[in-house]
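Trainee: Quick one: this structure, given as structure tokens, is what I'll be asking you about.
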Amino acid sequence: MRVPARLLGTAAVAVCLCLGSSAWGADVPLRNWEVPRSTLADAGSPGIFVPATPCRIADTRGAAGAYGGPALVANVVRSFVIDSSPTCTGFPAGAAAFSLNFTVIGSAGSYQNAFLTVWPQGGTQPTVSTLNFDAGQLRANAAIVPAGPTGGVSVFVNAAAHLIIDINGYFVDNGGSLNSNDYVGIYGNTDPGYSGASSATRAQAPSESRASRTAPREGTTV
């Protein structure tokens, strides 16, 4: 499915929120999520969204490494180059932005309202929160994040936490079109024309039926 959208030039756009609580070592499944088309519009360049099977880019609960442990340190910036992740392949180096899901597992303590901020690697850290969390809580939020010059995103937390990054698609700087409606299914499209992370889906033919999970203009699903 080709989705025309305008990409942000700086900070990430949060598009859905799911809340919960869990222990530090909890299992966090990959999630499917969708975004209303209205959330994809902002000042910037038009682009095409290319959906992909959800894939785990990074998980700091794993072995130490660029895409693994240790946990994020409070007040220290860490960056991840999305197209270089050893666990996810097929994403082009020239992607303009990524559709990502961020899951934070807060460290033990008594703090409240800690936050995660995400932005393009190499850019100025914005004064926004991608998600908020309390001590020991598991919280997740999906965001569209423009790629930095080397295809990376930077993250910051003000309290120690584990971070999991999943991806379900990316944007490329081309023109495109989408059959008119008020819904955009970021993932869950069962169109047989979909061929994976590196291909956009074919256009829907006249009178063709197609199954797809969608989100209404004013909300999102997780």
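Trainee: How do 60-70, 124-134 rank on mean C-beta neighbours within 10 Å, highest first?
Mentor: Peptide ranking by packing, descending: 124-134, 60-70.
Trainee: Given points 7 Å out from each Cα along the Cα-Cβ axis, report the Asp134 to Val77 separation in nanometres with one decimal.
Mentor: Inter-label distance under the simple model: 3.1 nm.
Trainee: While we're here: Residue separation times 0.36 nm, minus the C-alpha to C-alpha distance between Ser84 and Ser110: what's the value?
Mentor: Values: separation 26, 0.36 × 26 = 9.36 nm, distance 3.61 nm.
Value of the extension gain: 5.7 nm.
Trainee: Each residue of the range 155-161 in turn: what ³J(HN,Hα) in whole Hz from Karplus with 6.51, -1.76, 1.60 and θ = phi - 60°, glycine and Pro shown as x?
Mentor: 10, 8, 10, 9, 8, 3, 6
Trainee: Also: Whole-Hz Karplus ³J(HN,Hα) for the range 72-80, in order, using 6.51 cos²θ - 1.76 cosθ + 1.60 and θ = phi - 60°, x for Gly and Pro?
Mentor: Per residue, the Karplus-derived 3J(HN,Hα) values read 4, 8, 4, 6, 10, 6, 10, 10, 9 Hz.
No lab work stands behind these numbers, since they all come straight from the coordinates. It should be emphasised that the depicted structure is a prediction, and the values quoted were computed from it without experimental measurement. When we count neighbours, we look across all protein chains shown, and the Cβ atoms used for this are built from the backbone with ideal geometry, even at glycine.
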